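All remarks here apply to the structure that follows.
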Amino acid sequence: MSLQRYNLRTALLIFVLLPLLALSATAGWYSLKVLENQSQDRMQDEIELVARTIRQPVIYAMEQGREGALAQALDSTSHISRVYSAYVYDARGDRIGASGPTEPAVDTSRVAELMSEGDRREEYKRNLDGEDVYSYFLPLFKDTGQITGMLQITRRASEFEAYITRLHYQGLAVLLITALLLSVVIFYGHYKAFGSHVTAMRQVIGRISAGEREQRVPTDGPRELQDLAVGLNRMLENLNSQEAMVVRQQREQAALEDRLHRSERMAVIGQLAAGVAHELGTPLNVVDGQAQRAQRHRDLNPAIDAALSEIRKEVQRMNFIVRQLMDFGRSNPLQYQPERADRVVRAVLTQVASDVRYEHIAVQVDETRPVPELMIDRLRMEQALSNLLHNAVQAATRQVRIGWFANETQAGFFIDDDGPGIAEADRERIFEPFYTTKGVDEGTGLGLAVAHAAVSDHDGQIEIQTGPLGGARFRIVLPVTRQRGAMHE
């Protein structure tokens, strides 16, 4: 397995569990060695204690020459399970008493050598039965300090070895059980503390990568994982915000490009309209003047007089279209002046009130207080409001409402009617020149285009909504940065 691909659980196994087990094994090995030495010393001390316990009875039996007492003292050691055999040697090194196996543990010369040294001695030696024994030699002294013999107490060395082997197995078993328990604890602790939370985070990240951008990483678990989850969620929020910003900028750029193309197209149409209007104005005035002079003849046939009146009516209609073409193609700079919104509205109402075609429509003014003072070109704004009001009156059934509004972010005018409203499909094109939903004799398709051009020159916009009267609502929204902000009660 590549080290670049191991997981956290494997890392815990390699960098935590294995070093911990190695340290535990080293500590256990050292502890066993110490315990071996301590156990061996303790077992040797027990033999020494036995030898020193029976030394005085043995010395007394040797001085008195009582073999029965000597044998009884040596036989007393056989009741101690840890003692293998006991031997007594005289001053010449000859064995004079024994308990246990009768085979001599050492020869006479070796005993004499040990007695000549005059000190206790310990040694291991293999006896005739092929079994290692541990021997403890203790010199026997008279009251005068003279060595009278040697006492030998033996113990099986296998007892030492069996005990040490048992300690080894027990230590190994403890090490294995410890390794197993540590593995369980580490793996379970890893799962509870990290594994389950990391798995949940990976699942959520997988769903996010699959396109579920609304998913968020759970913030459970240890503080480090919580901080990581919070950072990931913050990064996701930033990514979503950046993506939304990019989409919004793309839409705004597309809208700006569309507005630019539309403005360029409208400019071309405006230039064309201005040129056509200029060329048609003079001929139409000539036609109207000739028809008017012809009607002054006294003996004019009534049928001819009616035809001339119809000609003059159509010429007037064409002159109205020419004026709208001139207004649409106008590119004179605006003359901004502070104007009260109510005065602009009432001036527009006066223009509509003179049109007898709209006597059946009730036009109401929404007297909103306070009245804002707007920085506008009054003639152009009245022209825009007049065209919008004419359009509303034509579409209305019984009622039209006009008013103004102002707040911290917007200011402007609104016009409501109770007509059929404007379909969604028509709202995108309704401000295009010569586009109309009316009949041939009812509209030219230039009124709303002229109003839109006038409002656009003010850096404003016209919004189309569904009004409270059930019909359409047109809102002229002007930028508040240009407004004086004055309000009048």
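Each value in this text was obtained by applying a stated rule to the coordinates, not by laboratory testing. The structure displayed is predicted, hence computed values, not measured ones. Heads up, the Cβs are rebuilt from the backbone with ideal geometry, glycines too, and the neighbour counts pull from every protein chain shown.
Amide H neighbours of Thr397 under 5 Å, counting only residues 5+ apart in sequence or on other chains, H built in-plane at 1.01 Å?
Asp418, Gly419
Let's test the formula: R0 of 45 Å, r as the Cβ-Cβ distance of Ala112 and Thr26. What FRET efficiency results, to the nearest 0.05?
Between Ala112 and Thr26 the formula returns 0.40.
Arranged from highest to lowest average of other beta-carbon atoms within 10 Å per residue, in what order do the peptides 231-239, 248-256 appear?
Result, highest mean first: 231-239, 248-256.
Give me the extension gain from Val365 to Ala11: residue separation times 0.36 nm, minus the current Cα-Cα distance, reported in nm with one decimal.
Full extension from Val365 to Ala11 adds 119.4 nm.
Please state the shape class of region 374-419: rounded when a/c is under 1.5, otherwise prolate if a/b exceeds b/c and oblate if not, all from the C-alpha gyration tensor.
Judged from the Cα gyration tensor, region 374-419 comes out oblate (a/c at least 1.5, b/c at or above a/b).
Students often check this: by mean Cβ neighbours within 10 Å, which of 395-407, 297-309 ranks highest, and how do the rest follow?
By packing density, highest mean first, the sequence is 395-407, 297-309.
Which whole-number percentage describes the relative contact order of region 136-179, with Cα contacts under 8 Å and a sequence gap of 6 or more?
The normalised contact order for region 136-179 reaches 26 percent.
Going 7 Å from the Cα of Thr219 along its beta-carbon direction, which residues of region 226-255 have the amide nitrogen within less than 17 Å of the resulting point?
226-239
Can you find, among Thr165, Phe194, Ser183, the residue sitting farthest towards the positive end of the charge dipole of region 158-219, where Lys and Arg contribute +1 and Asp and Glu -1 at Cβ?
Phe194
Got the relative contact order for region 131-204 handy, in percent, Cα pairs under 8 Å and 6 or more residues apart?
Over region 131-204, the number comes to 22 percent.
Rank by packing, highest mean first: peptides 373-383, 422-432, with packing defined as the count of other Cβ atoms within 10 Å averaged across residues.
373-383, 422-432
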